[in-house]
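Below you'll find the structure, written out as structure tokens, and then a few comments.
The values are calculated or read from the model by the stated rules, or taken from the named source; none is laboratory data. Predicted model only: the values in this text are computed from it and were never measured. Don't worry about glycine lacking a Cβ; one is built from the backbone with ideal geometry, like all the others, and counts go over all protein chains shown. SASA here: full protein model, heavy atoms, side chains in, ligands and nucleic acids out. Shrake-Rupley method; radii C 1.70, N 1.55, O 1.52, S 1.80 Å.
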Amino acid sequence: MTQGPPGPPNPYGGGYPPYAAGPPRTDGVSLAAFVCSLTCCAAPVAIGLGIAGLVRTKGGRRGGRWAAVTGLVLGIVLTSVIVAFGVLVTVTYQRTIWEDQARVGQCLDLDFIDEPAKAECGDPHDGEIVAVGSFDQDLLDAYDDLSTADFCAGLDGIDPAYRAALGEARYEAGISMDSLEEGDPGEGDLFFCYVLDADGDKLTGTLRGTDTDAA
């Protein structure tokens, strides 16, 4: 049998061309960094996993570098927010005047949610605590029937200077209590009364001192 002329040589050096190499495998650590960065509590973990993912995907050895970068960035952002929020809560808690720690003559500022916070009497401040106590049935009845100023001015043992300030139009009274429902105290709930400038100006000195003018 006659054979035809030989064909051209195989450029691949064999009978069949080799299979083309596929894309690199996606790195699991990088994907884990991305998933953790979507959860606030796991955001710090995402930072570590993101750094590891960057190392593991360097030079294209593994796929998923986008997940490592995204996980690292989001992890840093969310962790920073968590830390800032924790600092804010701690500072607010330490500055807040709690009913069981309030004392007569203590000066205060109203914070961003109008809660009484500690202030130095030597600096301009919003108000001053004029009375502290706990509700009994008589005080509950009086609280329901009287204005805040009259209720605080009628408390036993209140300093005459504070009673006089509560009766002046230039001042207004406020009350803070540890009741479960705001403005609805129960027997045994603690409270303190405080005085503010009626125009919202700052006070200097103390109401029992010589300088009680608004700043």
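Some points to look at:
- Members of the stretch 1-26 that are in contact with a strand residue (DSSP E or B) (Cβ under 6 Å, 6 or more places away or on another chain) and modelled with pLDDT of 80 or more: THR26
- Of all the listed residues (VAL130, VAL104), the sole one being surrounded by 13 or more Cβ atoms within 10 Å (Cβ to Cβ), part of a loop (DSSP other than H, G, I, E, B) and among the β-branched types (Val, Ile, Thr) is VAL104.
- Filter result for ASP197 (of a type in the set (Asp, Glu) and more than 26 Å from ASP100 (Cβ to Cβ)): yes
- The stretch 66-80: number of residues that are buried (at least 17 other Cβ atoms within 10 Å of the Cβ) and touching a residue at least 24 places away in the same chain (Cβ under 8 Å): 9
- The combined condition, being modelled with pLDDT under 95, surrounded by 12 or more Cβ atoms within 10 Å (Cβ to Cβ) and in contact with a strand residue (DSSP E or B) (Cβ under 7 Å, 6 or more places away or on another chain), is fulfilled by ASP111.
- The selection criterion, being at pLDDT 85 or above and either touching a Leu at 6+ places or on another chain (Cβ under 7 Å) or part of a loop (DSSP other than H, G, I, E, B) (or both), holds for VAL29.
- Single match in ALA117, ALA161 (criterion: touching a Leu at 6+ places or on another chain (Cβ under 7 Å), in a helix (DSSP H, G or I) and surrounded by fewer than 20 Cβ atoms within 10 Å (Cβ to Cβ)): ALA161
- Near pairs, Cβ below 9 angstrom, 6+ apart or cross-chain, from the stretch 124-144 (more than 19 Å from GLU99 (Cα to Cα)) to any residue that is part of a helix (DSSP H, G or I) and open to solvent by less than 30 Å² (accessible area, probe 1.4 Å): ALA142/PHE151
- Flag if PHE135 is surrounded by 11 or more Cβ atoms within 10 Å (Cβ to Cβ) and in contact with a helix residue (DSSP H, G or I) (Cβ under 9 Å, 6 or more places away or on another chain): yes
- When the residues of the stretch 61-101 are filtered to those that are among the aromatic types (Phe, Trp, Tyr) and assigned to a helix (DSSP H, G or I), the one that is farthest from ARG25 (Cα to Cα) is TYR93.
- Applying the condition of being acidic (Asp, Glu) and within 21 Å of ASP109 (Cα to Cα) to the stretch 164-196 and asking which residue is most open to solvent (accessible area, probe 1.4 Å) yields GLU182.
- Here is the figure for the stretch 81-99: residues that are of a type in the set (S, T, N, Q), surrounded by 11 or more Cβ atoms within 10 Å (Cβ to Cβ) and at pLDDT below 90 total 1.
- Members of the stretch 33-59 that are over 16 Å from SER80 (Cβ atoms), under 28 Å from the mean Cα position of the chain (by Cα) and open to solvent by less than 40 Å² (accessible area, probe 1.4 Å): ALA33
- Within the stretch 138-158, if we keep just the residues that are open to solvent by less than 50 Å² (accessible area, probe 1.4 Å) and part of a loop (DSSP other than H, G, I, E, B), the residue that is nearest to ASP189 (Cα to Cα) turns out to be LEU155.
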